[in-house]
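The values are calculated or read from the model by the stated rules, or taken from the named source; none is laboratory data. The structure presented is a predicted model; accordingly, all values stated were derived computationally and were not measured. With ideal geometry, Cβ positions are generated from the backbone for all residues, glycine too; neighbour counts draw on all protein chains shown. When the accessible area is computed, the model is the full protein with side chains, heavy atoms only, and any ligands, DNA or RNA have been set aside. Shrake-Rupley method; radii C 1.70, N 1.55, O 1.52, S 1.80 Å.
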Amino acid sequence: MDDGVDHMERPLSRDDMLRLAAVAGGAALLGGPAAVAEAARTRLGAESGRLKVLDWVGYGNDGGQAMFAQYVKAHPKNKPQFTVMTNEADALAKLHAGVKPDLFRPYVGWVKYFAKSGLVEPWNPKLIPNFKYLNPFMVKAGQYQGKQYGIPADWGFDAILYRTDKVHPTAKSWGLLFDKRYKGKIAWYDDIVMLEAAALYLGFKNPWKMTDSQLKQAQKLLISKKNLVRLIWASESDLWEAFGGGDVWIAYAWPNDWVQMKKKGLKVRYMHPRQKPIAWVGNFMQLKGTPRSHLAHAYVNAWSATKSAKWLEDNYGYGHANTKARPSSSDLLRALQLGNPKAVTEPNAHLDRDIPRRALYARTWEQVKAS
């Protein structure tokens, strides 16, 4: 049944009994199935307190309530409590600083990093009834060494948003972010993906594994063009204010930014550069040793429901890993290529991936900003 409701309170199957018996302890086995079930329900019911979620702006009680409404309905005493992350590096810093969420939502390029870090633990897909509706390609991208560390959620593209009444590109290229004709009207994103965009513009085949020489060339390009930039945004609200107010005409942006600017009545286009956009897939990950793992699974199940997925597509302009969801807008359906299960990978886009020298990329980007 795909009604978006948390189905965790179903009768326990034999597999459930065996799994939960391990949780409940050997004593329960001596009492037979009824004892196992009772002990298991006691264990699951012991999860208390508000579910702690580390997520991006717009996905908590600041607009994203529809995504987890069914979770709140099923668990009114365990409503989610949100902390905002501006990107994965910010999330990592918060974790090291002592913030202890039950789950958070980095993107696919970070799955391997976090899986190896010891900070997270794999999910049990059997506890997520809506898991069966998720895109198999995206599901596989959330795995590391055969375990499901990431549950795919939203997906979309990093590309270029621009005002069609103000900007006249000479080519469909990442180079529009470096166009001197629009000095003071350009916005970059505060993340190492700017190095990847620069690498794609320079023609490098693998922006995620650049040589020292290539990384220096990408950095040199960004430093030389930084004087053209009005804003390096970390929060979408800052981008929306600058773009919506006319201070910025060109931006490194996400599909939701296109949706929001269209709502403001601006003449905008979301351009996929000829070097291909950078695609991403949001992945829920749960923290190792979380005392609310059952609730975390229920929360992700609500997010994975078809009803939630359709709401996301209709309101934020992002795709969702749930393959049954379809947006109301046919324009959006075409723009997201929702009929193509591999829209996020070659030859359509460059799916973001693990960066072996991520720390070096981060230092390189910080040097660009400091220049």
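Of the residues contained in region 311-328, one or more are found to be within 17 Å of the chain's Cα centre (by Cα), over 20 Å from Met85 (Cβ atoms), open to solvent by 10 Å² or more (accessible area, probe 1.4 Å) and among the hydrophobic types (A, V, I, L, M, F, W, C). Residues in region 179-201 that are touching a helix residue (DSSP H, G or I) at 6+ places or on another chain (Cβ under 7 Å), without any contact (Cβ under 8 Å) to a residue 60 or more places away in the chain and part of a helix (DSSP H, G or I): Lys180, Ala198, Ala199. Only one entry in Asp179, Asp238, Asp190 is open to solvent by 10 Å² or more (accessible area, probe 1.4 Å), in contact with a strand residue (DSSP E or B) (Cβ under 9 Å, 6 or more places away or on another chain) and farther than 28 Å from Met85 by Cα, namely Asp179.
Filter region 200-228 down to the residues that are touching a Lys or Arg at 6+ places or on another chain (Cβ under 9 Å) and under 16 Å from Pro356 (Cα atoms), then identify the one that is most open to solvent (accessible area, probe 1.4 Å). Result: Lys209. Test Gln219 against the criterion of being part of a helix (DSSP H, G or I) and either of a type in the set (Gly, Ala, Ser) or out of contact with any Cys (no Cβ under 9 Å at 6 or more places or on another chain) (or both), and give yes or no. Criteria met by Gln219. Restricting attention to region 333-371 and to residues that are in a helix (DSSP H, G or I) and free of Cβ contacts under 8 Å to residues at least 60 places away in the same chain, the residue that is surrounded by the fewest Cβ atoms within 10 Å (Cβ to Cβ) turns out to be Ala370. When region 97-141 is filtered for residues that are basic (Lys, Arg) and either in contact with a Phe, Trp or Tyr (Cβ under 8 Å, 6 or more places away or on another chain) or open to solvent by less than 10 Å² (accessible area, probe 1.4 Å) (or both), the ones remaining, listed by number, are Arg105, Lys112, Lys116.
In this structure, is Gly289 open to solvent by 10 Å² or more (accessible area, probe 1.4 Å), more than 27 Å from Tyr144 (Cβ to Cβ) and out of contact with any Leu (no Cβ under 6 Å at 6 or more places or on another chain)? So Gly289 fails the test.
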